[in-house]
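The values are calculated or read from the model by the stated rules, or taken from the named source; none is laboratory data. The shown structure was predicted, so the numbers you read here are calculated from the model rather than taken from an experiment. Please note: Cβ atoms are built from the backbone with ideal geometry, for glycine as well, and neighbour counts cover all protein chains shown. What goes into the accessible areas is simple: the full protein's heavy atoms, side chains included, and nothing from ligands, DNA or RNA. Shrake-Rupley method; radii C 1.70, N 1.55, O 1.52, S 1.80 Å.
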Amino acid sequence: MGPRGRERRSGAVQSTNDSSALSKSSLAAHGYVHDPFAALLVPGTARRAPLIHRGYYVRARAVGHCVRAFLERTCAAPGAPRAQVVSLGAGSDSLYFRLKTEGRLTRAAVWEVDFPDVARRKAERIQDTPELCELTGPFQSRDPASVLCFESADYRLLGLDLRQLPRLDQALAAAGLDAAAPTLLLAEAVLTYLEPNDAAALIAWAAQRFPDALFVIYEQMRPHDAFGQFMQQHFRQLSSPLHGLDRFPDVEAQQHRFLQAGWTDCRAMDMNEFYRCFLSSEECQRVENLEPFDEFEEWHLKCAHYFILAASTGDTLSQTLVFPLSEVFPRVDPASPSGVFPARIVTSDSQGRNLKRYGHASVLLSPSIILSTGGFGEQEGRHCRVSKFHLLSRFCDFEWKGNQICCCGTGALWDGRLYHTMTRLSDTQVLVLGGRLSPVTPALGILQVGVCKSEDNSTEDLNVTVKKAGPEDSTLSCWRHSTTEVSYENQKYLFVYGGRSVVEPVLSDWHFLHMGTMAWVSIPVEGEAPEGRHSHSACSWQGGAVIAGGLGVSEEPLSSVLFLKPSSCGFLWESIVIQPPITPRYSHTAHVLNGKLLLVGGVWIHSSSVPGVTVIDLTTGLSSEYQIDTTCVPWPLMLHNHTSILLPEEQQLLLLGGGGNCFSFGTYFNPHIVTLDLSSLSAGESD
């Protein structure tokens, strides 16, 4: 890369600092962290979304955990040399001011390094802000051409390019840094913006230069799955591509990277593990209750694609002091794959009629008609709650055509709900239960949606009507629940289970709706009631319902598979023992095919692999794993918040929609409908 290219790239990287600084300021303003200085160090304000707040919160807590562990270790011994914190690529971060007010710099000092323009701008900001100057104490402001932009007794601010290691080494020494003293080097989302050779040189230089040091980095990882591909695309569009992820794609590779560079100990973990192992349950509950929130999939995926790493040299700063080995996050990796289900695109987007949405519901009305409603998606060039219905019509054996249509007639209008359920009543009628309009506004009322053909009986011109149905009450003010058709005393009922509401983050109750009278009824249910959950799957089987997975209390994914079994006096809860155990998951879909439960996609945090299809024999409890071969799908396939339709005679599974609001990277919708070929499953049975 030439000088001009490096300059453009440096400018793009600096712009990420401005965005990050605004996010940190919003984080503090909304009570996630105590940081009165973030807003003082950045001009302007921005109101970030709850998902952004959570992402920056866990980042702040992970970095703060490491910094405090270092200072508590190095500043405790009487007569120990002054501890040193060197923040590389510090940007507008307020670390120094927070540590100063906490009284943690009585025997420590902070050095910050960033691009010259960033460092000079920060120095000017500090000088112009009395509250900040009061904390730094007497300071010297340097000549604009000087590398040292700001200097006080315990704070140095340097303007340097981290790729120029000889200059960096010389400038730090000139600014009073003692290489022999205990030193924390902090690189918070920095190394990944450097070319791999430059990052490798920096890591090796630090290992050689500081014999008693701790190097803490916070970076992106896992570039190859769908979320990782979309993440990389985002940074490429910002002209600040992520480097080194192909070479160091996971925590194991990152640990090896530091050990090979001369660091003696190293431990790394993703942010799901840090959140679960190093924050108290009380603190997690506090954060989870700060704002209305309903983007669990993207929260867990974001945390799975960022890691915190601590590498140490010398005997004093063993990384186990930062991340004790006693705190171990349970890993539940899926079994080795038993086979592969090939995926391919089944519809074209040429007419703009595809199903770009998530949080919707889909139902097979007849062998040739699939209806999808609601969700959040693309409509008329914008992202919004979708009001149009999507009809997928089969016009030959393996070809489908999508069409979006509006509600017609004088009945009730579609209210734009998402995370609802749909149940087929007939070839032309479906029942819609639950859902939400926003995380604080449930969609009240049961709706009946009708599909009718035009006068010429063509599937090209179908009409959809909506009317209110069922009892006029608020029994079902929930979403992310399940509805399953069950039988009792030769009568059909809908078993409505779990979900969440405005008041309760996780529901454990259930209801029975008589499908003939549309009245709520009470039916005895015996056995130990399962723990509450939402975003689980539910399938009809042998007159009862099979419940699998879901997100439980404390936002913890579940692995349990339960059977609501018909009995002589009602129903009975039974737990199905699965061997080998399956990875806890949620936001998946499920179907029963020939006595086997198929769990499709979803989100999990206890494994670094990508969810495919888990197959469970409901009679024996034996489980097997099948990978999804996406070779013929030319774009990231996100299998959460999707729907799926089983076509048993064709041995196919249609995947419709899916995606989500992917942190600060933008919103992603699967652009086409995909089919999975399940024929290898039946072929395995006949062997």
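Each row is one residue, and each column tells you yes or no for (1) open to solvent by 50 Å² or more (accessible area, probe 1.4 Å); (2) touching a Lys or Arg at 6+ places or on another chain (Cβ under 6 Å).
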residue: Pro367; (1), (2): yes, no
residue: Leu371; (1), (2): no, no
residue: Gly377; (1), (2): no, yes
residue: Arg382; (1), (2): yes, no
residue: Asn403; (1), (2): no, yes
residue: Leu418; (1), (2): no, no
residue: Thr421; (1), (2): no, no
For the stretch 610-620, how many residues are within 28 Å of Cys277 (Cα to Cα) and outside any loop (DSSP other than H, G, I, E, B)?
1
Boolean, Ser508 is at pLDDT 95 or above, surrounded by 15 or more Cβ atoms within 10 Å (Cβ to Cβ) and polar (S, T, N, Q)
yes
Residue check for Ser607: surrounded by fewer than 16 Cβ atoms within 10 Å (Cβ to Cβ) and either among the aromatic types (Phe, Trp, Tyr) or assigned to a strand (DSSP E or B) (or both)
no
Since Leu245 meets every condition but one in (1) surrounded by fewer than 20 Cβ atoms within 10 Å (Cβ to Cβ); (2) among the hydrophobic types (A, V, I, L, M, F, W, C); (3) part of a loop (DSSP other than H, G, I, E, B); (4) in contact with a strand residue (DSSP E or B) (Cβ under 8 Å, 6 or more places away or on another chain), which condition does it not meet?
(1)
Does Ser624 satisfy the condition of being touching a residue at least 60 places away in the same chain (Cβ under 8 Å), open to solvent by 60 Å² or more (accessible area, probe 1.4 Å) and either in contact with a Cys (Cβ under 8 Å, 6 or more places away or on another chain) or over 20 Å from Gly359 (Cα atoms) (or both)?
no
Of the criteria (1) within 30 Å of Leu309 (Cβ to Cβ); (2) of a type in the set (S, T, N, Q); (3) open to solvent by less than 50 Å² (accessible area, probe 1.4 Å), which one Thr106 fails
(3)
Sort out which residues of the stretch 507-553 are within 17 Å of Ser644 (Cβ to Cβ) and out of contact with any His (no Cβ under 7 Å at 6 or more places or on another chain), and write them in order of number.
Ser535, His536, Ala538, Ser540, Trp541, Val546
Any residue in the stretch 318-333 that is surrounded by fewer than 21 Cβ atoms within 10 Å (Cβ to Cβ), farther than 22 Å from Arg436 by Cβ and touching an Asp or Glu at 6+ places or on another chain (Cβ under 6 Å)?
yes
Kindly provide the set of residues from the stretch 511-523 that are more than 18 Å from Leu562 (Cα to Cα) and open to solvent by 20 Å² or more (accessible area, probe 1.4 Å), ordered by number.
His514, Met515, Gly516, Thr517, Met518, Ala519, Trp520, Val521, Ser522
If I filter the stretch 64-73 down to residues being within 31 Å of the chain's Cα centre (by Cα) and not basic (Lys, Arg), which single residue comes out as surrounded by the fewest Cβ atoms within 10 Å (Cβ to Cβ)?
Gly64
Exactly one of Ile308, Ile345 is of a type in the set (A, V, I, L, M, F, W, C), open to solvent by 40 Å² or more (accessible area, probe 1.4 Å) and in contact (Cβ under 8 Å) with a residue 60 or more places away in the chain, and that residue is Ile345
Please indicate, with yes or no, whether at least one residue in the stretch 281-293 is closer than 25 Å to Gly660 by Cα and crowded, with 24+ Cβ neighbours inside 10 Å.
no
Scanning for something surrounded by 14 or more Cβ atoms within 10 Å (Cβ to Cβ), not in a helix (DSSP H, G or I) and not hydroxyl-bearing (Ser, Thr, Tyr), does the stretch 270-277 turn up at least one residue?
yes
Only residues in the stretch 572-588 that are on the phi > 0 side of the Ramachandran plot and in contact (Cβ under 8 Å) with a residue 40 or more places away in the chain count as the first member; pair them with residues that are assigned to a strand (DSSP E or B) and of a type in the set (A, V, I, L, M), Cβ under 8 angstrom, at least 6 apart or cross-chain, and list the lot.
Ser587/Leu551; Ser587/Val603
Scan the stretch 126-146 and give yes if some residue there is open to solvent by 20 Å² or more (accessible area, probe 1.4 Å) and under 16 Å from Asp18 (Cβ atoms), otherwise no.
no
Could you tell me whether any residue of the stretch 562-580 is at pLDDT below 95 and part of a loop (DSSP other than H, G, I, E, B)?
yes
Evaluation of Glu252 against (1) open to solvent by less than 60 Å² (accessible area, probe 1.4 Å); (2) part of a helix (DSSP H, G or I); (3) out of contact with any His (no Cβ under 9 Å at 6 or more places or on another chain) (one fails), failing number:
(1)
Where in the stretch 124-236 are there strands (runs of 3 or more DSSP E), lying fully within it, with 1 or more residues that are at pLDDT 95 or above?
148-152, 155-159, 183-188, 213-220
Would you check which residues across the stretch 99-116 are outside any strand (DSSP E or B), closer than 23 Å to Leu191 by Cβ and out of contact with any Ser or Thr (no Cβ under 7 Å at 6 or more places or on another chain) and list them?
Leu99, Pro116
Restricting attention to the stretch 74-91, which residues are buried (at least 19 other Cβ atoms within 10 Å of the Cβ) and not hydrophobic (A, V, I, L, M, F, W, C)?
Thr74, Gln84, Ser87, Gly89, Gly91
Just name the residue that is surrounded by the most Cβ atoms within 10 Å (Cβ to Cβ) out of those in the stretch 480-505 that are in a loop (DSSP other than H, G, I, E, B) and of a type in the set (A, V, I, L, M, F, W, C).
Val502
Which pairs turn up if I take residues in the stretch 76-89 that are over 10 Å from Val110 (Cβ atoms) and look for partners that are surrounded by fewer than 13 Cβ atoms within 10 Å (Cβ to Cβ) with beta carbon separation below 9 Å, at least 6 apart in sequence or on another chain?
Pro81/Ala180
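Rundown of residues vs (1) at pLDDT 90 or above; (2) farther than 20 Å from Glu485 by Cα, yes/no style:
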position	(1), (2)
Gly381	no, yes
Asp397	no, yes
Thr410	no, yes
Leu433	yes, no
Pro439	yes, yes
Asp456	no, yes
Residues of the stretch 567-593 being of a type in the set (Phe, Trp, Tyr) and under 20 Å from Pro611 (Cα atoms), which ones?
Tyr586
Number of the condition not met by Leu558 [criteria: (1) over 20 Å from Glu485 (Cβ atoms); (2) open to solvent by 20 Å² or more (accessible area, probe 1.4 Å)]:
(2)
Among Ala590, Ala538, the single one that is open to solvent by 10 Å² or more (accessible area, probe 1.4 Å), in contact with a Cys (Cβ under 7 Å, 6 or more places away or on another chain) and at pLDDT 95 or above is Ala590
